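The structure appears below as structure tokens.
Nothing in this text is a laboratory measurement; each read-out follows from the coordinates by a stated rule. Keep in mind it's a predicted model, so treat the numbers as computed, not measured. Glycine gets a Cβ as well: all are built from the backbone with ideal geometry, and neighbour counts include every protein chain shown.
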């Protein structure tokens, strides 16, 4: 465990000199800065918070904290789900949310340079006005790009376009010493030593603080069509998923969900979107699939072939969303699953395992069986197309302690099973503080030691986001 | 039951922006959509058909040939047949003239499709926002009307029961057949088209009716000359001059300043 | 139809207890101005059952003459009975213009009557004037979701008719002399009414949202972030004696019910004070609230369009500002 020093009035004075007027102390710290969206892993107020506006400010703050051995935790919009930005050792919280400028487009290279506090939604809308798409599309549109890169978020379009990692060209980083450096370049390939850029991506603020990002864009697809396939049961719904790749389809997204979770989302939105019965037959589960391309005409034969395949696989019907309002309403229902669950649930934990796509049916059967042994209610949905499953444990009537005890046992089993099937414990949410021990089990001592060694090289005084990813720590 | 649903293809007004330099409407690139309220009307008809499969749903629109996609969307979701009422003589009509032309067309379509038990319309179109064509059509046809309907509760043999939105809340209204109802926004959208229906709708015949196909129409009541109202001019509404902005102050100071200002203006 | 007088009529809709809906009295303000410019009398037409109070209210708010239709079949609004009454009296007196409040019933009734009289009707007007050239009423109304205003004339057909948004005009002051009230003996056979109200489902007590008649509205938008966040706004409402409003974004997100929605697809309001919290100010929202006397905007984003229509703006986090505002109001109360 690292030894941290208390924040003295002298240090506060020094910080205030570096960032005049924005150093918040004690009660004036925004209470949101004690947590992300998953407070079940614990919350802790920092002693000091600073909303930063520039790389220079970040460097100055970090330098002071490095010299005085003060923990520093970086946060953006705080939409994480693993307690990644919770300052569990207190200290200083640096919030980059106000560094929210889109700095420049390099349309010859299909690249955009942004500050880390730009929201995903903000970039998505702005890029479209330039005819470009920024493909990563996690459900949470109000997350910052800095946070997205720090967790290697991916989301719905991962099937076709991959994860955030595939769209980061370069970045400016403030190291834990306060030094400023730049990783990567606006090039299409590189074979130039260890990829420090890729080490930063997904490091959850433990290796450095991202203060500027150059991201890759693609030409925006001109046409998009979604298909909705209701199935009577989950089994035939899930077993259809691997067939897409096997039949040479290249969908942008394949999501699956059961009726129950859809209903809570629709209640949350106050609007019924998907059919619950098809010609007298109760729907049990749905697939939501999106294809994109250069024109509607190009997509028509694709969706025709996909629809025939879905019907042959047992879909009760295949519904088409081919206009902007239709696409919006279909995906709004999908994007509100978490909000729907949160609104109806007092105690909530989650995990986001990823398994090889063909193993999804087997895995889901396992989770269903396992859930029967516990008092909480298990709901899940997922990015079926890339094998990524979000599993939620929900309870409104359990005692907190008992809930945590049972969840711990449940999670150990679901992670164990995921590893057995050749999976990983997190597809896109990260490790944060909530999943450190599971990572240790999954990665094993050799790999954990490598990760800890990397941490040591970047951050010898262990001041940056303590207790996360590869080092558990209780302060 | 035989149901007619009147629809309109409209520009998606939520996508319309104002050119900040010329202060005019930017209409280019604004997508055309089925008027959402007409979608609710069609869905209400479709729900009647869900319970009574022998129900027939006919859709009718008045507009340019470019309005066909909206009719095909109806065919792909719930409609059995679609009519496009299109003629230059109909251009420039206000609500009175439009509803007159529609009423003449309805009588013509009834000769082909049989009498309609119900005519459903959207509450209003989101471009014109008048909410007048539905009631005026009912008047021309001498039908009873229920406006601001949220959903059909029951299409009983002797009366249609509708849930209606009022200023005070909601009410259940019964109306005798034949009747006309206009629909506002319920807690559901028009259903998604099924793949098979959509494929069929892409090929389906859309029946075009021009002035010449409606022998009884009186063209002096159509178009600009049949329209009692005239547009004198249009303009983009001016933005109000901005007031006092309190910025970069603590919440407490800002709140105190605001209360002071509101008190001196005798607002609170 | 030919107009035989230069009179301007205002239709005064009544509630079931026989009192006037606000909009009917409000319309006596522009009605007075238009009648004076056109050189005719201002006549209020009150329809309902037991409408003495409503008639008297119209009589002492600037009308020159009040006509009433007062019978049991008019207690509850019906298209058939009301349209028949209006048509009959308009034919009998032949005024030059008629204003109707753009309430749901007003917008149900207006087109029925104008169509029967083969005349023009302009929907949902927000401004009225007299055209200098023709002497006709200039009806100004929003279209294209509030993005465009259109000025409409009805040059040749009479009466010129329009429905006018509630909350746009203020009630005129109480006049010195009270106008004469004449009861018309028009009846409509109840059995000829083809619609029946089978049941009234009022919102449960406490949930009744009467935004149109509210004097103070505290409204929240996307920035409120959750149903929980609206509780804070409700607290501010309680301190101010106001009513809770919301933007479409907040309603679509499910944080409040549609009955709270202000804007193009919601309600049009005209309170003395409108406090917009976390509302960016999309044109569709502005369309519903720019009739407010005073607008206060609280928003984190200094560039939000809502500040363009605000009399007072506070750039800041509503979760800081609103509690401070509540504390400040309580302190001084």
Convex hull per residue volume in Å³, alpha carbons only, for chain C: 149
Could you give the distance between the Cα centres of the range A:274-352 and the range A:71-123, to the whole Å? 31
Suppose R0 equals 45 Å; then what is the FRET efficiency for residue A:102 and residue C:231 from their Cβ-Cβ distance, rounded to the nearest 0.05? 0.85
For a quick check, take a GNM of chain B with Cα springs below 10 Å and name the residue from B:143, B:75, B:25 with the largest mean-square fluctuation. B:25
In the range C:113-270, what is the volume of the convex hull around the alpha carbon atoms, normalised per residue and reported in Å³? 220
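Once you wrap a convex hull around the alpha carbon atoms of the range A:224-338, what is its projected area averaged over all directions, in nm²?
Across all orientations, the range A:224-338 yields a mean hull projection of 6.8 nm².
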Specify the angular offset, from 0 to 90 degrees and rounded to the nearest 10, of the alpha carbon long axis of helix A:9-18 from the longest principal axis of the alpha carbons in chain A. 70
Is there a simple number for the mean count of other chain Cβ atoms within 10 Å of the Cβ of residues in C:114-126, and what is it? 5
By DSSP, what percent of the beta bridges with both residues in the protein assembly as shown are antiparallel, rounded to the nearest 5? 55
With 24 Å as the cut-off, how large is the P(r) tail for the range B:135-259, expressed as percent of Cα-Cα pairs? 67
Could you work out how far apart the two model spin labels at residue B:196 and residue A:218 are, taking each label as a point 7 Å from the Cα in the direction of the beta carbon, and quote it in nm? 3.4
For the protein assembly as shown, what is one quarter of the convex hull surface built on the Cα atoms, given in nm²? 44.4
Rounded to whole Å, give me the distance from the Cα center of the range A:404-475 to that of the range B:108-154. 63
Simple spin-label model, 7 Å along Cα-to-Cβ: residue A:192 to residue B:207 in nm? 7.0
Enter the Cα centre distance for the pair the range C:176-197 and the range B:168-234, rounded to the nearest angstrom. 33
Diffusion constant of the range C:11-104 at 4 °C, which comes from Stokes-Einstein with the Kirkwood Cα-pair radius and 1.567 mPa s, µm²/s: 98
Would you mind telling me which residue in C:169, C:186, C:230 has the biggest mean-square fluctuation in a Gaussian network model of chain C, where springs connect alpha carbons within a distance under 10 angstrom? C:186
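When each pair of different Cα atoms in the range C:216-332 is counted once in the 1/r mean, what is the Kirkwood radius in angstroms, to one decimal?
Values: mean 1/r = 0.0739 Å⁻¹.
Across the range C:216-332, the inverse of the average 1/r is 13.5 Å.
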Of C:162, C:24, C:225, which has the largest mean-square fluctuation in a 10 Å C-alpha GNM of chain C? C:225
Where only alpha carbons of the range A:102-219 are counted, the Rg and the Dmax (Å): 13.3, 40
With each run of n ≥ 4 DSSP H residues scored as -39500 (n - 2.57), what mean residue ellipticity at 222 nm is computed for the protein assembly as shown after dividing by its residue count and rounding to the nearest 500 deg cm²/dmol? -9500 deg cm²/dmol
Nearest-0.05 FRET efficiency for residue B:187 and residue C:213 at R0 = 41 Å, using Cβ-Cβ distance, is 0.95
List the pair-distance distribution P(r) of the range A:1-157, using every Cα-Cα distance, as the percent of pairs falling in each 5 Å bin from 0 up to the bin containing the longest distance, rounded to whole percents. 2, 9, 17, 19, 18, 14, 10, 7, 4, 1, 0
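Residue by residue through C:324-332, how many Cβ atoms from other chains fall within 10 Å of the Cβ on average? Let's see the in-between values first.
Values: counts 9, 8, 1, 4, 10, 5, 0, 3, 5.
For this peptide, the per-residue mean of nearby foreign Cβ atoms is 5.
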What nm distance separates the two modelled labels at residue A:312 and residue C:196, each placed 7 Å from Cα along Cα→Cβ? 5.7
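Please give the direction-averaged projected area of the C-alpha convex hull for chain A, in square nanometres with one decimal.
Averaging across all directions leaves 22.7 nm² for the Cα convex hull.
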Bins of 5 Å, beginning at zero and ending with the bin holding the largest distance: percent of Cα pairs per bin for chain B, please. 1, 5, 11, 15, 16, 13, 10, 8, 5, 4, 4, 4, 3, 1, 0
Relative contact order in percent for chain C (Cα pairs under 8 Å, 6+ apart) equals 15
Where Rh is the Kirkwood radius over the Cα pairs of the range B:86-165, the temperature 4 °C and the viscosity 1.567 mPa s, what D in µm²/s does Stokes-Einstein return? 93
Place a point 7 Å from the Cα of residue B:231 in the direction of its beta carbon; the residues of the range B:40-75 whose amide N falls under 16 Å from it are B:63-64
Packing-based order for C:268-280, B:189-201, C:211-223, A:444-456, using average beta carbon neighbours within 10 Å, highest first: C:268-280, C:211-223, B:189-201, A:444-456
Residue span residue B:244 to residue B:156: 0.36 nm per residue of separation minus Cα-Cα distance leaves a gain in nm of 25.8 nm
Which shape class applies to the range A:345-420: rounded if a/c is under 1.5, otherwise prolate when a/b exceeds b/c and oblate if not, where a ≥ b ≥ c are the square roots of the Cα gyration tensor eigenvalues? prolate
Work out the mean other chain Cβ neighbour count within 10 Å for the residues of A:271-277 and drop it here as an integer. 3
